[in-house]
1. So which residues in region 381-394 are surrounded by fewer than 11 Cβ atoms within 10 Å (Cβ to Cβ) and either under 40 Å from the mean Cα position of the chain (by Cα) or under 23 Å from Ile410 (Cα atoms) (or both), if there are any at all?
2. Among Glu533, Glu479, Glu497, which is assigned by TED's automatic domain parsing to the domain that holds Gln192 and not in a helix (DSSP H, G or I)?
3. If I filter region 395-412 down to residues being assigned to a loop (DSSP other than H, G, I, E, B) and surrounded by fewer than 17 Cβ atoms within 10 Å (Cβ to Cβ), which single residue comes out as modelled with the highest pLDDT?
4. Taking the options Glu300, Glu316, name whichever one is loosely packed, with under 15 Cβ neighbours inside 10 Å and in contact with a Pro (Cβ under 9 Å, 6 or more places away or on another chain).
5. Any residue at all in region 558-573 that's polar (S, T, N, Q), closer than 30 Å to Met165 by Cβ, exposed (fewer than 14 other Cβ atoms within 10 Å of the Cβ) and not assigned by TED's automatic domain parsing to the domain that holds Thr478?
6. Can we say Asp415 is out of contact with any Leu (no Cβ under 6 Å at 6 or more places or on another chain), part of a loop (DSSP other than H, G, I, E, B) and touching a residue at least 60 places away in the same chain (Cβ under 8 Å)?
7. Just wondering, is there one or more residues in region 481-493 that are crowded, with 18+ Cβ neighbours inside 10 Å, in contact with a Phe, Trp or Tyr (Cβ under 9 Å, 6 or more places away or on another chain) and touching a residue at least 24 places away in the same chain (Cβ under 8 Å)?
8. Within region 272-327, which residues are within 30 Å of Gln262 (Cα to Cα) and of a type in the set (Val, Ile, Thr)?
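The values are calculated or read from the model by the stated rules, or taken from the named source; none is laboratory data. Computed from a prediction, not measured in an experiment: that's the story for all the values here. FYI the Cβ positions are ideal-geometry reconstructions off the backbone, even for glycines, and counts take in every protein chain you see.
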Amino acid sequence: MAAGMKHLSKTFVWILMGMLIVGLAGFGAVNFTGNASAVATAGTQDITVEEYARELQREQQALQQQTGQAFTIAQMTAFGLDRQVLSRLVTTAAMDSEVEALGLSIGDNTLLNEITQIDSFQNASGSFDRDTYTFALDRVGLSERDFEEDVRRETARILVQSAIMAGTKMPETLADAMVGYIGARRSFDWVQLKTSETAMIALAPSEAELQEFYEANPDLFTLPETRKITYAVLSPDMVMDEVQVDEDALRQLYEDRAGQYQVPERRLVERLAFSSDADAAAAKARLDAGEVTFAELTDERGLELADIDLGDMTAEELGVSAEGVFAAQAGMVTGPLPSDLGPALFRINGVLSAQNTPFEEAQAELRDEIAAGRARRLIEGQAEDIDDLLAGGATLEELATEAGLMVDTIAWTADSGDGIAAYSAFRDAAAAVSEEDFPAVDFLEDGSLFALRLDEVLAERPEPLADAQDKALRGWNTEQRQNALATQAESIKARAEANGAFDEDLTMTSEDGLTRTAYLDGTPADMMTQLFEMEPGELRVVADADSTVILKLNEVLAPLESEEMAALATALGAQLDQALAEALFQAFARDAQLRAQPTVNDQAINAVHANFQ
C-alpha cells in the first residue's frame, strides 16, 4: 500500500512538472530571457526587451521624482507612457539604421575621450575613475561593451544631426518683421470714463423695464442642469466618541516620531572637496586674502553651487567634519577639514537650533492623529455591513437609524463646491449616478463613508424672474450705466472729431511711444490691440464692463534703434535659425523612420509589462 502511494506520488509530481513545462514553453517565447529578444525592429536595428524594460524603468523613476508618487505599469499604460517610450526607441533605432547605412562611426580614441568626460565616471578630483565607471554601469544593469556601443551609436547620431543642422539660416525678413511688430510704437491721447463714477438719475426700473431686460438676456437667467441627490454619510468625527486612545499608544507614537519632536542642532553647509591638503590650504589662503570668492573657487572646479550643497546637516551626519563646522559662525568658510571625499572647505550658510518638543506638548496632536486613524478604520470595518444593508433593500433614510449615518439632500450642479460637494469623490459619484442606480458605499478623501441616490434631474431651465429679482436689478443697472457711458463717449468723440481736440474740461492723458505690450491700469483689456489698428488722426471708443476709453491716435512711430532692440533681433534670429534646423532634422528623422519600416512585437511588449515591477 505504501509502495503504491509512493509510486502515485511520484507520478503526480511528474504530471505537474510536465504541465508546468508546457505552460512555460509559451511564456518563454516572450519573457526577458526567452526566444523573442526584440519588442520592435526598425531597419537593421532591433529594440531588445532589455532596452525597452530599462527605458520603462527610467520613465517610471523620472515620474516618481517629479510627482513624489510611485507609478505602476498599469498606470503608465493608461497614460500612454509605454507607447511614448516605445516611440522614442523606434525613432532612435531608425536613426541608427540610417547611420549604419551611411557608414558613420567613431574611433576608439574618440570613444575614450567621450566616456572620460562624463561626470558620473569621475572621482572627487574630476578625473576619470575606472572603478566608478564599472560600479555606475553595474547599478543600471549595463555591461561595458553594451554601454560603449551605445556611446558609439549616440555619437554617430550626433554627427548626422550636426551635419543637417549646421549652417541653417532663416531669411532675415521674418526676424525683421517680428522685431518691427514687437517694437512698433504709437503716440496717442485718451480720455477715460469709469462705470463706477457715472451718476444715474433713476436706479429703480419699472416692472415692465425689468421684465424686458430679463427677456432680452436669457443667458444671465439660465439655471444649469441640477441633480437632486439624497446622500448618507458617516464621518470620522461622528464616531470619535467610540474611539479610545491609551497613553501607551501615545508614547509609542511619540517615540516613533522622535525625528519630528527631537530635532538636533543643524548647519546649512556647502562642501568643496580637494584632492590634497595642500590644494585645500592654498584655496583657503586665496579666499582669506580676498583674491577669490567661494563661488569662484567652485566655478574653477567646474562645479555649480547646487553640486556642493549638503543642505541641513547634523553633527552625526557630518562625522569627522562636525567639530570644525559647528564651531564656525553663519556666513564663514572654515577648513580645510577632513571629510569622506578628502580635505574640504565648508561654507556655513545658516544655523538651525535644536527643537525639543516634550511629550506633554505633543500629546494633543498625537491623540488627534491616532483617534482619527482609528475612527477611519472603524468606519472601514462597518462598510461591508452597511453595503449589505443597502444590497438587502435598505434605504438611505433607514441607514440613519440602523447604522448611525447622517442623511441629507443637495441640489448638485457642476459648479457646486460647498459641504460634501467639496470632495472630488462625491462630485465624481454625483456626476455619474443615474436614477436606475442603487446606492452603494464609497469613501471620501478624509475617510468618510457615503452613499447617494439620484432623486431627480432638472435640465437647464430659465430661472423665474421672481427668484432672480436681485440679479436682474443689478444687471439692469449695469446696462443703464454702460449705455449712458456709451452715449457720453460717442458725444465726446463727435466733438473731438469736429474740433480736432478733446474738450478742455476733460481729463486727458497723453502717451508717447508705447508698444503693443504696454499696460495702462484700469483700461479695457483690448485697448492697445485696437489702438494699433487705427490710422493717425482717427478717434475710437473702446469699452468693457468697467471702463470706457476714447482714443485719439496722434503718430505711428518706428521701433527704437537701441541696444535692447538689436539684442532682440539677434535673439529672434537665433531662435528662428534653431527652429528651422530642428524642423529639418525632424523631417529627416521622420523620413528615416518611414524607410526603416518599423514593426512591433506586441506579444513581447505584453511579456515585458507582465514582468515589470
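1. Scanning region 381-394 gives Gly381, Glu384, Gly393.
2. Details: Glu479 fails: not in a helix (DSSP H, G or I); Glu497 fails: not in a helix (DSSP H, G or I).
Every option except Glu533 fails the conditions.
3. Of everything passing the filter in region 395-412, Thr395 is modelled with the highest pLDDT.
4. Glu316
5. Within region 558-573, one or more residues are polar (S, T, N, Q), closer than 30 Å to Met165 by Cβ, exposed (fewer than 14 other Cβ atoms within 10 Å of the Cβ) and not assigned by TED's automatic domain parsing to the domain that holds Thr478.
6. On the way: out of contact with any Leu (no Cβ under 6 Å at 6 or more places or on another chain): yes; part of a loop (DSSP other than H, G, I, E, B): yes; touching a residue at least 60 places away in the same chain (Cβ under 8 Å): yes.
Against the criterion (out of contact with any Leu (no Cβ under 6 Å at 6 or more places or on another chain), part of a loop (DSSP other than H, G, I, E, B) and touching a residue at least 60 places away in the same chain (Cβ under 8 Å)), Asp415 qualifies.
7. Of all residues in region 481-493, those crowded, with 18+ Cβ neighbours inside 10 Å come to 481, 485, 489, 492-493.
Now restrict to residues that are in contact with a Phe, Trp or Tyr (Cβ under 9 Å, 6 or more places away or on another chain): 492.
Narrowing the set further to residues that are touching a residue at least 24 places away in the same chain (Cβ under 8 Å) leaves 492.
Yes: one or more hits.
8. Of everything in region 272-327, those that are within 30 Å of Gln262 (Cα to Cα) and of a type in the set (Val, Ile, Thr) turn out to be Ile308, Thr314, Val320, Val325.
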